[in-house]
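Asks: Encoded as structure tokens, here's the structure I'll be asking about.
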Amino acid sequence: MTDRPDFTESSETVPTGMAQLESGATVQRVGEETGTTVGEALLRVGLASRVELRLGFNSYAVVRSPGARQQGLEDASVGAKLGLISGGGVVPKMSVIVASSVPTGAQPFRADKLQPEMKLTAAWASATVSPSLQTSTTAGFATSSTLWARPVRRRRSGSG
């Protein structure tokens, strides 16, 4: 099960001694601004039963708005996932993810300091419908900024 950037994180951890590399791309639009990120690489390494190390590598980002364009690498991240409850029946499988960005990106995508976050994941398997069907939810607290946390600087046109 992957945790590739999406809305819901998996409650699964990578097995001990295994590594899993995930990557992808995202296109977002907010008003007249369009943002694209490519890479979104997450390396997950199983350290122990129900414990994984998570290393997020810098994604390449491009933000376009009328009259302006910014591009460069976003911040990297480091974190861990800990499996809390194995679950079964009506009890969900639960994990907690603790991570932080690391200010390594290019301006304007670089944060001034670490931006910690914590997510609690829960997943219910439905063996009665299908063994591969799972319902998941994620609740989180983050101090991280979004792709548009810093305003795009507009270029001045004309002389002057």
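The values are calculated or read from the model by the stated rules, or taken from the named source; none is laboratory data. Since we're looking at a predicted model, the values are computed, not measured. Reconstructed Cβ throughout: ideal geometry from the backbone, glycine too, with neighbour counts over all protein chains shown. Only protein heavy atoms, including side chains, enter the accessible area calculation; ligands, DNA and RNA are left aside. Shrake-Rupley method; radii C 1.70, N 1.55, O 1.52, S 1.80 Å.
Asks: Tell me yes or no: at least one residue of the stretch 118-127 is at pLDDT 90 or above, assigned to a strand (DSSP E or B) and more than 18 Å from the chain's Cα centre (by Cα).
Replies: no
Asks: Counting only residues that are open to solvent by less than 40 Å² (accessible area, probe 1.4 Å) and in a strand (DSSP E or B), which one in the stretch 80-93 is farthest from residue 70 (Cα to Cα)?
Replies: Going through the qualifying residues, I end up with 83.
Asks: Would you confirm, using the coordinates I've provided, whether residue 77 is open to solvent by 30 Å² or more (accessible area, probe 1.4 Å) and small (Gly, Ala, Ser)?
Replies: Working: open to solvent by 30 Å² or more (accessible area, probe 1.4 Å): yes; small (Gly, Ala, Ser): yes.
When the stated conditions are applied, residue 77 passes them.
Asks: Closer than 14 Å to residue 14 by Cα and not hydrophobic (A, V, I, L, M, F, W, C): is that true of residue 95 in this structure? So that I can check it myself, show each step before the final result.
Replies: Details: closer than 14 Å to residue 14 by Cα: yes; not hydrophobic (A, V, I, L, M, F, W, C): yes.
Yes.
Asks: Considering the stretch 20-33 alone, what residues qualify as being exposed (fewer than 14 other Cβ atoms within 10 Å of the Cβ) and among the β-branched types (Val, Ile, Thr)?
Replies: Within the stretch 20-33, the first condition is being exposed (fewer than 14 other Cβ atoms within 10 Å of the Cβ), and the residues that meet it are 21, 25, 27-32.
Result: 27, 30.
Asks: Right, another one. For the stretch 132-144, does any single residue satisfy the condition of being farther than 29 Å from residue 14 by Cβ, touching a Pro at 6+ places or on another chain (Cβ under 8 Å) and either in a loop (DSSP other than H, G, I, E, B) or modelled with pLDDT under 90 (or both)? Full working, then the answer.
Replies: Step one: of the stretch 132-144, the residues farther than 29 Å from residue 14 by Cβ are none.
Taking every residue of the stretch 132-144 in turn, none turns out to be farther than 29 Å from residue 14 by Cβ, touching a Pro at 6+ places or on another chain (Cβ under 8 Å) and either in a loop (DSSP other than H, G, I, E, B) or modelled with pLDDT under 90 (or both).
Asks: Moving to a separate point now. Among the residues of the stretch 75-93, what is the count of those that are charged (D, E, K, R) and more than 13 Å from residue 114 (Cα to Cα)? Steps first, please.
Replies: As a first pass, look at the stretch 75-93 and keep what is charged (D, E, K, R): 75, 81, 93.
If we keep only those that are more than 13 Å from residue 114 (Cα to Cα) too, we end up with 81, 93.
Of the residues in the stretch 75-93, 2 are charged (D, E, K, R) and more than 13 Å from residue 114 (Cα to Cα).
Asks: Name every residue in the stretch 94-116 that is open to solvent by 50 Å² or more (accessible area, probe 1.4 Å), modelled with pLDDT of 90 or more and of a type outside the set (A, V, I, L, M, F, W, C), in order of residue number.
Replies: Correct list: 104, 110, 116.
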